[in-house]
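Any read-out appearing in this document is the output of simple, stated calculations on the displayed coordinates, not a laboratory observation. Everything quoted here is computed from the prediction, not taken from an experiment. All Cβ positions, even for glycine, are placed from backbone atoms using ideal geometry, and neighbour counts span all protein chains on display.
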Amino acid sequence: MRIAILDDYQNLALQSADWSGVKSHGDITVFKDTITNETALIERLTPFDVLCVMRERTPLPASLLSTLANLKLIVTTGKRNDAIDVACANACGITVCGTNSPATATPELTFALILGLARGIVPENTSMRNGGWQIGLGQDLAGSTLGIIGLGRLGAKVAVIAKAFGMRVTAWSTNLTKDRCTDLGVEYMPSKDALLADADFVTIHQRLSDRTTGMMSTHEFKQMKKSAFLINTSRGPIIDDVALIDAVNGGEIAGAGLDVYDHEPLPPSHPLRQCDGLLLTPHLGYVTRNTWNVFYGETVEAILAWRNGTPIRVIGP
């Protein structure tokens, strides 16, 4: 077999699991970069029988999969991957498997961003390193309101953490029910606008879809308090970048913490990098030792199970 590990930015995949069993069946090639040009990507991936992919870093659409005659197995980290055309893969005789995905890392990073914004950690650190001292006045979390857009697996964990800080927690999403909020001790908000107008911090925990793409734009920022902060650790396209930059620069909101972007890695010249009031991290939400151990450990398990004729955690269309 020829096995490719894609988008291993930090070259950690082989250190995060015991690949010896896989190596006994074939050669492993690790790619640290991300190719977006489909022609170049086809040329790179054509020789491989197995692709190990990290979340949605490299899309695998039908136009690509239908050209990869050698490809027999795709293992994605996580139980689903919207960047893979699973139906096309199945039609081409390609098995698609997934792994489990720990649910703690992203909520923890969400609060790192909330705290970083509330207490001005980066500018205060910069001031200290430049010989200065206090330069800002922080925002207390205790007594503040956190509005959660999307109260699923991750949003629910964020709610638990927020209450530990003494925050009032509200939530809204299109399909959210009052019963779900009651079960989690969260206040149900009747509309997105109502949540935005009420919250001191707004955090997004929704999947990307036609319904959620661009759901935070000019109108939404105008509903928020001028003192409020926005946090996004879900998917970049949920927020309209241009509208966000305008809202921050125009003082319509106090700032934002972003971990996800329309294009990743974020281009060096991207306007988000130049906007004051933004706390930016390079999609670190799920990038932790434990998560990597689960992701790559179960990737190895999936490859060996498939090799033995008993694939596990198969993903259907």
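With label points built 7 Å along Cα→Cβ from the Cα atoms of D246 and L137, find their separation and express it in nm.
3.1
What is the stretch 105-280's relative contact order, in percent, from Cα pairs under 8 angstrom and six or more apart in sequence? Spell out each step's value before the answer.
Numbers: 311 pairs, mean separation 33.9, N = 176.
Relative CO of the stretch 105-280 lands at 19 percent.
What span do the alpha-carbon atoms of the stretch 105-280 cover on each of the three principal axes, reported in whole Å from largest to smallest?
52, 34, 30
Give me E220, E56 sorted ascending by neighbouring Cβ count inside 10 Å, so fewest comes first.
Numbers: E220 23, E56 19.
Ordered by Cβ neighbours within 10 Å, fewest first: E56, E220.
Sticking with the crude label model, points 7 Å out along Cα→Cβ, report the distance from T177 to T288 in nm, one decimal please.
3.0
Place a point 7 Å from the Cα of S227 along the Cα-to-Cβ direction; which residues of the stretch 250-279 have their backbone N under 12 Å from it?
254
Counting only helical runs of four or more DSSP H residues, what would the 222 nm mean residue ellipticity of the chain come to if each run contributes -39,500 (n - 2.57) and the total is spread over all its residues? Mind dumping the intermediate values first?
On the way: 12 runs with 105 residues, N = 317.
So the helix-based figure for the chain works out to -9000 deg cm²/dmol.
In whole Hz, with x marking every Gly and Pro, tabulate ³J(HN,Hα) for the stretch 192-202 from phi via Karplus 6.51 cos²θ - 1.76 cosθ + 1.60, θ = phi - 60°.
Working through the residues one at a time gives 5, 4, 5, 5, 5, 5, 9, 8, 8, 9, 10 Hz.
What is the distance, in nm, between label points placed 7 Å from the Cα along the Cα-to-Cβ direction at R153 and at H263?
Result: 3.1 nm between the two label points.
How would you order 91-100, 111-120, 308-317, 194-203 from highest to lowest mean count of nearby Cβ atoms within 10 Å?
Details: 91-100: 18.0, 111-120: 20.7, 308-317: 12.0, 194-203: 22.8.
Those peptides, ordered most packed to least, come out 194-203, 111-120, 91-100, 308-317.
Can you work out the FRET efficiency for the pair T39 and T218, with r the C-beta to C-beta distance and R0 = 45 Å, to the nearest 0.05? Spell out each step's value before the answer.
On the way: r = 37 Å, r/R0 = 0.82.
Working from the Cβ atoms, E equals 0.75.
Could you compute the net charge surrounding A156? Neighbours are other residues with a C-beta less than 13 Å from the C-beta of A156; K and R count +1, D and E count -1.
Here the charged neighbours net out to +3.
Over all Cα pairs of the chain, how is the pair count split among 10 Å bins, expressed in % and running from 0 up to the last occupied bin?
6, 25, 29, 22, 14, 4, 0
Using 1/(1 + (r/R0)^6) with R0 = 41 angstrom and r between the beta carbons of A164 and R129, what's the FRET efficiency to the nearest 0.05? Mind showing how you got there, number by number?
Values: r = 31 Å, r/R0 = 0.75.
E between A164 and R129, to the nearest 0.05, is 0.85.
From the Cα gyration tensor of the stretch 78-191, with a ≥ b ≥ c the square roots of its eigenvalues, which class applies: rounded if a/c is under 1.5, or else prolate if a/b is larger than b/c, or else oblate?
On the way: a/c = 3.31, a/b = 1.51, b/c = 2.19.
Oblate, since a/c reaches 1.5 and b/c is not below a/b.
Beta carbons within 10 angstrom, averaged per residue: use that to sort the peptides 301-307, 265-271, 172-178, highest first.
On the way: 301-307: 19.4, 265-271: 11.6, 172-178: 15.3.
The most tightly packed comes first, giving 301-307, 172-178, 265-271.
Go through K72/K192; K79/K222; K157/K192; K178/K222; K72/K157; K79/K178 and tell me which ones have a Cα-Cα distance over 32 Å in this structure.
Distance filter (> 32 Å) returns K72/K192; K79/K222; K72/K157.
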